[in-house]
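Here the structure comes first, spelled out in structure tokens, and everything after it is commentary.
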Amino acid sequence: MYDARVVANWFVRRAFQERRQLSIMSLLKLTYIAHGWHLEMRKSPLFSNRIEAWQRGPVIPEVYHAFRGQGVHVTQQASGFTGEVSTFDEEFFDQIHSIYGHMDAFQLSDMTHEPGGPWENASRRGHYAQMFDDEIREHYEAKRAKFQAKSA
């Protein structure tokens, strides 16, 4: 299990490698989406950091605070969170990036605001309410089931 800032730094490094700008909103959504798919695919959390339902969607407060001083666009990695990522997880992050990395912040945000999804459910409990891994996992399991039913 990682600190979410290590995961976020992976996405920052990838954006730099591709000479792309990454907004803090995109970074937060990519980190959250990676966590959701990790829960679905591997049945375990990618990180243990708290996820909260903010007005603009799921936010990992520690990631937000590590990068917010950079402004709208992330210009560098969060210092102190450059831990090694296993080869197995590197491949997983590559998959997430290949599917979602080209989307802009608003597309990613829309995806995390799905009706009946974990963000909406947590928002009903109040601003900054915690989003729970069980709800996130169930949501991503439903997304896979829906995709598989379409493909059949």
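Observations on the structure shown:
- Scanning the stretch 96-132 for residues that are touching a Phe, Trp or Tyr at 6+ places or on another chain (Cβ under 8 Å) and assigned to a loop (DSSP other than H, G, I, E, B) yields G101, T112, H113, H127, Y128.
- Unmet requirement for S44, which otherwise passes all of (1) in a loop (DSSP other than H, G, I, E, B); (2) modelled with pLDDT of 95 or more; (3) surrounded by 17 or more Cβ atoms within 10 Å (Cβ to Cβ); (4) not aliphatic (A, V, I, L, M): (3)
- Failed item, numbered, when G83 is tested on (1) surrounded by 15 or more Cβ atoms within 10 Å (Cβ to Cβ); (2) of a type outside the set (A, V, I, L, M, F, W, C); (3) touching a Phe, Trp or Tyr at 6+ places or on another chain (Cβ under 7 Å): (1)
- Sole exception among (1) in a loop (DSSP other than H, G, I, E, B); (2) more than 17 Å from P118 (Cα to Cα); (3) modelled with pLDDT of 95 or more for R20, by number: (3)
- Looking only at the stretch 138-152, and only at residues there that are more than 15 Å from the chain's Cα centre (by Cα) and surrounded by 14 or more Cβ atoms within 10 Å (Cβ to Cβ), the one that is modelled with the lowest pLDDT: K143
- Single residue of the stretch 1-29 satisfying the filter (closer than 16 Å to S79 by Cα and small (G, A, S)) that is surrounded by the fewest Cβ atoms within 10 Å (Cβ to Cβ): A4
- Sole exception among (1) surrounded by 12 or more Cβ atoms within 10 Å (Cβ to Cβ); (2) free of Cβ contacts under 8 Å to residues at least 40 places away in the same chain; (3) outside any helix (DSSP H, G or I) for E135, by number: (3)
- Yes/no for F67 being surrounded by 14 or more Cβ atoms within 10 Å (Cβ to Cβ), out of contact with any helix residue (DSSP H, G or I) (no Cβ under 6 Å at 6 or more places or on another chain) and at pLDDT 95 or above: no
- V74 vs. criteria in contact with an Asp or Glu (Cβ under 6 Å, 6 or more places away or on another chain), surrounded by 18 or more Cβ atoms within 10 Å (Cβ to Cβ) and under 16 Å from F11 (Cα atoms): no
The values are calculated or read from the model by the stated rules, or taken from the named source; none is laboratory data. Because the structure is a prediction, the values reported are computed rather than measured. Positions of Cβ are generated from backbone atoms using ideal geometry, with glycine treated the same way; all protein chains shown enter the neighbour counts.
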